[in-house]
Amino acid sequence: MIQLGVSGAGSVMLPLGVGQSPACAQAGWFEAHGLSTFGELDLPEDFRHFRYVNPNAPKGGRLVQDVTTTSAINGTFETFDSFNTFVLRGAGAAGLDSIYDTLMSGSGDEPTSLYGLVARRVRWTADKLVYQFILRPEARFHDGTRLTAHDAAFTFNTLKAKGHPSYKLILREFDKAEAESDEVLTVRFTQRRSRDAHLTIAGLPILPQAFWKNRDFEAPTLDIPLGSGPYRLSRFEQGRYVEFARVPDYWARELPINIGQNNFETVRYEYFRDRQIAFEAFKSGALNYREEYTARIWHTAYKFPALEQGRVKKEELPQGRAAAIQGWYFNTRRRQFQDARVREAIALLFDYEWTNRNIMYSSYKRTSSFFQNTDMQARGTPSTEELKLLEPWRGKIPQAAFEPPWEPPVSDGSGADRELLRRADDLLKAAGCKRNGRLLFLPDGKPLEIEFLENDTVFTPHTQPFQANLRRLGINTSIRVVDAAQYKRRVDNFDYDMVVSARGGSTTPGDGLRNFYSSQAAKMNGSRNYIGLADPAVDDMVERIANAQSREELTTAAKVLDRLLRAGRYWIPMWYNDVSRVAYWDVFARPKDTPKYGTGAPGTWWWDEEKASRIGLSAKNANAAPAPSRQER
């Protein structure tokens with residue numbers, strides 16, 4: 001670290017590689033080739049490529065996979081009807097992030113650092129309220145037109161004004177962007193800017209202003225979008241597939257952050273309305289890469305001829321990432337979930353031990369924290385530092401926040417643990433619920449009923465034994481499986497009782513948590529505050545996390561947030577896995593090293609023509625791989 005004195009700002013710590021050029025020093029600016037959360041950059045300005053790539057990886061071949069997770073901020077995994085993934089309306093298609101460039105791009109070894117892409121350098125004022133990005137003059141859109149600071153300014157200003165609610169939330173402290181020239185973009189933040197606001201801006205896709213000039217930005221569209229990234233959208237059939245072709249003359253192909261990546265000639269995403277059909281497509285060779293999320297399938301169904309012959313490989317790859325946060329979330333906007341005792345009683349009735357052994361082949365570990373497997377996971381009684389943040393809220397938050405954090409119970413594994421049933425019954429009675437015959441009634445005289453909203457049957461086997469326990473106490477339940485469009489509409493409008501949600505874990509959470517837990521998000525259709533959580537104490541911790549200026553501040557605030565969320569009994573935590581289960585046709589090669597955070601699959605892999613020929617799938621044949629028939633969908 002280099003310590004510099006800055007007039008009016010005290011002593012400022014700068015990481016190696018970050019400093020002041022003579023011109024910047026005179027103007028009171030700092031300048032660097034990258035940005036990070038707390039200032040650290042591991043790589044020097046002249047780094048040649050990331051450690052975990054093969055810089056000589058050949059280009060070619062075809063990557064074909066199904067869409068098994070949410071494909072965009074406004075997308076689903078079942079269908080798509082729009083290439084405008086930046087607004088609330090429409091279901092966005094998968095893979096579109098590959099067609100857009102950003103000011104800066106990240107490294108798999110540094111989860112909170114960005115290095116120059118469209119911007120070759122960045123400078124900022126001592127108060128970190130003004131940033132100037134110096135753009136590369138060679139940056140181009142796919143039609144050959146220049147990508148300028150005017151396009152970037154248009155993008156950021158438009159996303160704040162007209163973008164999806166998630167964009168509006170993360171851009172709340174962004175003031176405006178202005179193009180000083182074609183190559184200089186000035187970004188201004190409000191006085192209340194969060195710690196990672198500069199990273200948010202630097203990581204946003206840059207859209208071509210000319211393309212959107214005569215289009216309604218807030219409307220869905222199937223017009224082929226104009227991008228600047230390593231791939232262009234080449235073919236699609238609405239709701240069936242979307243295919244991207246590598247741009248051979250991609251303007252940034254020789255930049256260090258891109259070396260050894262974007263290796264496939266074609267990347268295709270297939271859509272299926274049924275996961276079993278998607279699996280059959282993989283077995284037939286119509287798909288050549290698959291990540292398996294269902295333990296039952298992984299342990300019982302991967303016994304087909306191509307795998308037994310060695311033509312298909314099956315592996316569990318260490319992830320290196322923070323655990324995903326997945327669970328059933330209570331919608332506290334509903335009357336039946338207003339009382340935390342009712343929510344806790346329901347949570348006690350999910351027998352994880354039975355489910356993991358009988359349905360998931362003991363493949364998972366139980367989640368208990370909103371920051372699982374990180375140093376931000378709350379443990380034991382609050383520390384002195386945590387109490388400093390909790391004490392101002394004493395009497396306004398549950399007393400449980402001052403005690404060891406709530407842990408989901410460990411059952412006897414029978415599927416109907418009598419002790420847990422008794423504890424749940426006691427909680428329901430304490431909440432004023434009464435049983436009349438076989439039904440349980442809330443204090444207002446209405447029956448306690450729960451609808452589990454799903455858009456896929458993948459969780460049905462896990463939910464059904466849970467339902468059986470709920471019914472033992474007189475709670476009437478149902479599972480409603482709806483199509484992708486209806487599911488998106490209902491979730492966007494918070495029209496559900498309980499819903500499953502999975503959020504990627506992070507070692508350095510920031511202002512993105514507002515979208516999940518802030519009072520503002522609770523009132524904003526399309527946000528991911530599925531709980532309906534509107535709690536000033538939670539808002540306070542979310543803001544402290546977003547504005548923490550040191551790792552210690554961040555860790556303390558996150559532990560307190562974890563305590564508050566767990567004390568509120570807002571969810572039924574599910575499970576997590578510390579490996580990624582992947583299967584693939586043996587046509588790929590990969591680097592010997594993997595990123596510290598993630599598996600590198602399949603982004604750093606490449607097509608191996610020798611392997612492909614050996615199993616009868618040359619690049620020529622691969623590029624003509626059959627798609628599943630309409631009848632299968």
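The values are calculated or read from the model by the stated rules, or taken from the named source; none is laboratory data. Computed from a prediction, not measured in an experiment: that's the story for all the values here. Here the Cβ positions follow ideal geometry from the backbone for every residue, glycine too, while neighbour counts run over all protein chains shown.
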Q. What are the residues in the stretch 144-172 that are of a type in the set (D, E, K, R), at pLDDT below 95 and either crowded, with 22+ Cβ neighbours inside 10 Å or over 23 Å from A219 (Cβ atoms) (or both), if any?
A. R172
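Conditions tested, residue by residue: (1) touching a residue at least 40 places away in the same chain (Cβ under 8 Å); (2) assigned to a loop (DSSP other than H, G, I, E, B); (3) outside the structural domain of R394 (by TED's automatic domain parsing); (4) more than 17 Å from the chain's Cα centre (by Cα).
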position	(1), (2), (3), (4)
V500	yes, no, no, no
S506	yes, yes, no, no
Q520	yes, no, no, yes
D539	no, no, no, yes
I545	no, no, no, yes
L554	yes, no, no, yes
A557	yes, no, no, yes
R563	yes, no, no, yes
Q: List every residue pair whose Cβ atoms lie under 7 Å apart, where the two residues are 6 or more positions apart in sequence or sit on different chains, the first residue falls within the stretch 296-316 and is surrounded by fewer than 12 Cβ atoms within 10 Å (Cβ to Cβ), and the second residue, located anywhere, is of a type in the set (A, V, I, L, M).
A: none
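Going by the structure shown, is T477 among the hydroxyl-bearing types (S, T, Y), surrounded by 14 or more Cβ atoms within 10 Å (Cβ to Cβ) and free of Cβ contacts under 8 Å to residues at least 40 places away in the same chain? Reasoning before the result, please.
Details: among the hydroxyl-bearing types (S, T, Y): yes; surrounded by 14 or more Cβ atoms within 10 Å (Cβ to Cβ): yes; free of Cβ contacts under 8 Å to residues at least 40 places away in the same chain: yes.
Considered against the rule, which asks whether it is among the hydroxyl-bearing types (S, T, Y), surrounded by 14 or more Cβ atoms within 10 Å (Cβ to Cβ) and free of Cβ contacts under 8 Å to residues at least 40 places away in the same chain, T477 comes out as yes.
Being in a loop (DSSP other than H, G, I, E, B) and either polar (S, T, N, Q) or in contact with a Cys (Cβ under 7 Å, 6 or more places away or on another chain) (or both) is the filter here, so list the residues in the stretch 572-604 that pass it. So that I can check it myself, show each step before the final result.
Within the stretch 572-604, the subset in a loop (DSSP other than H, G, I, E, B) is 574, 577-578, 586-587, 590-604.
Answer for the stretch 572-604, where residues must be in a loop (DSSP other than H, G, I, E, B) and either polar (S, T, N, Q) or in contact with a Cys (Cβ under 7 Å, 6 or more places away or on another chain) (or both): N577, T594, T599, T604.
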Q | Residue list for the stretch 410-462, restricted to those being farther than 30 Å from Y361 by Cβ and assigned to a strand (DSSP E or B) | A | K434, R435, N436, L439, L440, F441, P447, E449
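Sort out which residues of the stretch 452-474 are among the aliphatic types (A, V, I, L, M), surrounded by 15 or more Cβ atoms within 10 Å (Cβ to Cβ) and over 20 Å from Y530 (Cβ atoms), and write them in order of number. If you could, list the steps in order and put the result at the bottom.
To start, the set of residues in the stretch 452-474 that are among the aliphatic types (A, V, I, L, M) comprises 453, 458, 468, 470, 473.
Now drop any that are not surrounded by 15 or more Cβ atoms within 10 Å (Cβ to Cβ), which leaves 453, 458, 470, 473.
Passing the criteria: only L473.
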**Q.** Residue selected from the stretch 234-259 under the condition under 20 Å from R590 (Cα atoms) and within 24 Å of the chain's Cα centre (by Cα), by the criterion surrounded by the most Cβ atoms within 10 Å (Cβ to Cβ)
**A.** I257
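Just to verify a result, which residue in the stretch 278-294, among those that are farther than 21 Å from W605 by Cα and not β-branched (V, I, T), is farthest from the chain's Cα centre (by Cα)?
Start the filter on the stretch 278-294 by keeping residues that are farther than 21 Å from W605 by Cα, which leaves 278-281, 284, 294.
The next check asks that each one be not β-branched (V, I, T); those that pass are 278-281, 284.
Values: A278: 22, F279: 24, E280: 27, A281: 26, S284: 30 Å.
So the residue we want is S284.
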Q | Set V582, V560: member being surrounded by fewer than 19 Cβ atoms within 10 Å (Cβ to Cβ) and among the hydrophobic types (A, V, I, L, M, F, W, C) | A | V582
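When you go through A378, A400, A347, A424 one by one, which is the residue that is in contact with a Pro (Cβ under 6 Å, 6 or more places away or on another chain) and within 27 Å of W575 (Cβ to Cβ)?
Working: A400 fails: in contact with a Pro (Cβ under 6 Å, 6 or more places away or on another chain); A347 fails: in contact with a Pro (Cβ under 6 Å, 6 or more places away or on another chain); A424 fails: in contact with a Pro (Cβ under 6 Å, 6 or more places away or on another chain).
So the residue among A378, A400, A347, A424 that is in contact with a Pro (Cβ under 6 Å, 6 or more places away or on another chain) and within 27 Å of W575 (Cβ to Cβ) is A378.
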Q | Condition met for A378 (under 27 Å from the mean Cα position of the chain (by Cα), at pLDDT below 95 and farther than 27 Å from A416 by Cα) | A | no
Q | Looking only at the stretch 291-346, and only at residues there that are among the β-branched types (V, I, T) and in a loop (DSSP other than H, G, I, E, B), the one that is modelled with the highest pLDDT | A | T332
(Q) Could you go through the stretch 484-494 and let me know if any residue there is under 24 Å from A91 (Cα atoms), touching a strand residue (DSSP E or B) at 6+ places or on another chain (Cβ under 7 Å), among the β-branched types (V, I, T) and in a strand (DSSP E or B). (A) no
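Do we find a residue being in contact with a strand residue (DSSP E or B) (Cβ under 8 Å, 6 or more places away or on another chain) and not small (G, A, S) anywhere in the stretch 391-400? Working first, answer last.
Here is the first cut: in the stretch 391-400, the ones in contact with a strand residue (DSSP E or B) (Cβ under 8 Å, 6 or more places away or on another chain) are none.
Within the stretch 391-400, not a single residue is in contact with a strand residue (DSSP E or B) (Cβ under 8 Å, 6 or more places away or on another chain) and not small (G, A, S).
From T102, T85, which residue is of a type in the set (V, I, T) and closer than 30 Å to V500 by Cβ? So that I can check it myself, show each step before the final result.
On the way: T102 fails: closer than 30 Å to V500 by Cβ.
Of T102, T85, the one residue that is of a type in the set (V, I, T) and closer than 30 Å to V500 by Cβ is T85.
Residues in the stretch 310-320 that are under 22 Å from Q372 (Cβ atoms) and out of contact with any strand residue (DSSP E or B) (no Cβ under 8 Å at 6 or more places or on another chain): how many?
Residues of the stretch 310-320 that are under 22 Å from Q372 (Cβ atoms), as a first pass: 316-320.
Adding the requirement that they be out of contact with any strand residue (DSSP E or B) (no Cβ under 8 Å at 6 or more places or on another chain) leaves 320.
Qualifying residue count for the region: 1.
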Q: Being in contact with a Phe, Trp or Tyr (Cβ under 7 Å, 6 or more places away or on another chain) and closer than 26 Å to R321 by Cβ narrows it down to one of P382, P408, so name that one.
A: P408
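With closer than 21 Å to A485 by Cβ and either assigned to a strand (DSSP E or B) or assigned by TED's automatic domain parsing to the domain that holds V482 (or both) as the only criterion, which of F244, F272, F236 stands out?
F236
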Q: Would you tally the residues in the stretch 33-81 being touching a strand residue (DSSP E or B) at 6+ places or on another chain (Cβ under 6 Å) and free of Cβ contacts under 8 Å to residues at least 60 places away in the same chain?
A: 2
Q.
Considering only residues that are in a loop (DSSP other than H, G, I, E, B) and among the basic types (K, R), which ones fall in the stretch 358-382?
A. R379
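Considering each residue of the stretch 419-477, count those that are among the small types (G, A, S) and closer than 16 Å to F330 by Cβ, and give that number. Let's see the steps before the verdict.
The first filter runs over the stretch 419-477 and keeps only residues among the small types (G, A, S), leaving 424, 430-432, 437, 445, 468, 474.
With the extra rule that they be closer than 16 Å to F330 by Cβ, the set shrinks to 424, 431.
So the count comes out to 2.
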Q. Inside the stretch 383-402, can you point out the residues that are in contact (Cβ under 8 Å) with a residue 60 or more places away in the chain, under 27 Å from A424 (Cα atoms) and outside any helix (DSSP H, G or I)?
A. K396, I397, P398
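Being farther than 26 Å from A126 by Cβ and crowded, with 20+ Cβ neighbours inside 10 Å is the filter here, so list the residues in the stretch 33-51 that pass it. Working first, answer last.
Step one: of the stretch 33-51, the residues farther than 26 Å from A126 by Cβ are 46-51.
Once the filter is applied, which keeps residues that are farther than 26 Å from A126 by Cβ and crowded, with 20+ Cβ neighbours inside 10 Å, the stretch 33-51 yields only F50.
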Q) When you scan the stretch 82-186 for strands (runs of 3 or more DSSP E) that lie fully inside it, which ones turn up with 3 or more residues that are free of Cβ contacts under 8 Å to residues at least 60 places away in the same chain? A) 130-135, 174-179
